[in-house]
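Visitor: The structure under discussion is supplied below as structure tokens; questions concerning it will follow.
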Amino acid sequence: MSGRPMSLLALVAAAVSMSFAFSGSAHAATGLTGTEILQQFNLVTLGNANSNSHVDGRVFVGGNLTGGDMVQHASSTAASNYAGLTVLGNATNVKVNGLGAVIGGSLSNSTVNTGSSYISGNVSGSNLNGPAYVVGTKSGSNFNGGQPTTPTALMQTNQAASTSTNFGATLQAVSDKLKVAGANSTISISGNKATFNAVGNSAGVAVFNLDNAASAALFAAGEFSFSVNHATTIIINSSVTAATIGANFLGGQAQSLGSAIIWNFYNATSITTNAQFGGSILATHATLTNNQNIEGGVYVNSLQQNGEIHLQAFNGNISAVPEPQAYASMLGGLALLGFTAIRRRKKGQDLG
């Protein structure tokens, strides 16, 4: 890093500026806030998504969607003006189990089991079992729920919502806000096990800040264990550009903590998970490949889905993250983590 570290005053000023930017973008027009996106959507991709599995809750795809079984748990999905599935591009070989669909392009070889559908393009080879309004042509499809000549009120609401939120800008603002939060928690690594020692602030928010070296040590571990203490929100910031994670979450914590954790991969362009994963993945620049189930939300640039994405709507508090600290203090926890991991590794070598 060139130049002098930022002063505490400069960091506070930057944090205040970012706070105004965050709140402004979140409340622009009629769009959703960052927290509302995390609560209402189980999956958001800013670009394309390819799925060989299913998603429990509501889905937004900013590009094209190929494959997938969406909205399996409609009754457990939070209320929203958005349909169960919103795709701004084309959708192919998709099944929607609840809350209807809005397709900005064309729909082909797909089924919408329940709910209203609004399709701006063409429909072919599909079954629509709820009322459906199609702007384009229709071929080889069954309209079992009827075809209104004008969109119903619900269709209009769902269609208007589909373009009301700038998901990219809003989620990026969340990521930017979280990545500068002051770390108040540390990770210890012993052998193959990494233990997250969460220390919440007065609002119960625990923050782990990991640089590249600390992230590499963490993701090389085969087991994750969380000592939650009194924390109710756990933020894990990582600066890596790519990550492959195959650790087992011990004691069923992937499921029990899935709604409380956000993994903020603010620099990542590629993430792969090879074991059941707990928590929401926020990585607005990354392609995610999940080869096993995820217990939490997914908010990424693009997706190759090979495992299920289970509904664990975020119930934490991202508005109460710790304020940024002085540069040296922010790095102190990372240096301690790296030193602890290296010292234990050297000790093991000395005993070998």
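Visitor: Which members of segment 151-192 meet the condition of being among the basic types (Lys, Arg) and under 19 Å from Ser117 (Cα atoms)?
Guide: none
Visitor: Also, I was wondering about something else. Can you find a residue in segment 145-163 that is buried (at least 22 other Cβ atoms within 10 Å of the Cβ) and touching a Leu at 6+ places or on another chain (Cβ under 8 Å)?
Guide: No, segment 145-163 contains no residue that is buried (at least 22 other Cβ atoms within 10 Å of the Cβ) and touching a Leu at 6+ places or on another chain (Cβ under 8 Å).
Visitor: Of all residues in segment 168-195, which are in a strand (DSSP E or B) and on the phi > 0 side of the Ramachandran plot?
Guide: Residues satisfying the conditions do not exist here.
Visitor: Also, I was wondering about something else. Are any residues in segment 85-118 under 17 Å from Ala153 (Cβ atoms) and assigned to a strand (DSSP E or B), and if so, which ones?
Guide: Once the filter is applied, which keeps residues that are under 17 Å from Ala153 (Cβ atoms) and assigned to a strand (DSSP E or B), segment 85-118 yields Ala101, Val102, Ser117, Tyr118.
Visitor: Taking segment 89-103, which residues are surrounded by fewer than 21 Cβ atoms within 10 Å (Cβ to Cβ) and in contact with a helix residue (DSSP H, G or I) (Cβ under 8 Å, 6 or more places away or on another chain)?
Guide: Asn97
Visitor: Hey, among Ser239, Ser227, Ser215, Ser202, which residue is assigned by TED's automatic domain parsing to the domain that holds Leu288 and under 20 Å from Gln255 (Cα atoms)?
Guide: Only one candidate qualifies: Ser227.
Visitor: Looking at (1) buried (at least 24 other Cβ atoms within 10 Å of the Cβ); (2) on the phi < 0 side of the Ramachandran plot; (3) under 14 Å from the mean Cα position of the chain (by Cα), which is the one condition that is false for Gly279?
Guide: (2)
Visitor: Which number in (1) farther than 30 Å from Ala242 by Cα; (2) modelled with pLDDT of 95 or more; (3) in a loop (DSSP other than H, G, I, E, B) marks the one condition that Thr165 misses?
Guide: Failed condition: (1).
Visitor: Looking for whichever is at pLDDT below 95 and closer than 15 Å to Phe219 by Cβ here; the options are Ala328, Ala275, Ala320, Ala341. Which one fits?
Guide: Ala341
Visitor: Something else: Quick check on my filter: what residues within segment 240-259 are farther than 10 Å from Gly296 by Cα, assigned to a loop (DSSP other than H, G, I, E, B) and among the small types (Gly, Ala, Ser)?
Guide: Gly246, Ala247
Visitor: While we're looking at this one, here's another question. When you look at Glu295, is it surrounded by fewer than 23 Cβ atoms within 10 Å (Cβ to Cβ) and either at pLDDT 95 or above or closer than 28 Å to Gly62 by Cβ (or both), yes or no?
Guide: no
Visitor: Still on this model: Leu250 is checked against (1) closer than 23 Å to Thr45 by Cβ; (2) of a type in the set (A, V, I, L, M, F, W, C); (3) surrounded by fewer than 18 Cβ atoms within 10 Å (Cβ to Cβ) and fails just one. What number does that condition carry?
Guide: (1)
The values are calculated or read from the model by the stated rules, or taken from the named source; none is laboratory data. Note that the coordinates shown come from a computational prediction; the quantities given were computed from them, not determined experimentally. For neighbour counting, all protein chains shown are included, and Cβ atoms are generated from backbone atoms with ideal geometry for every residue, glycine included.
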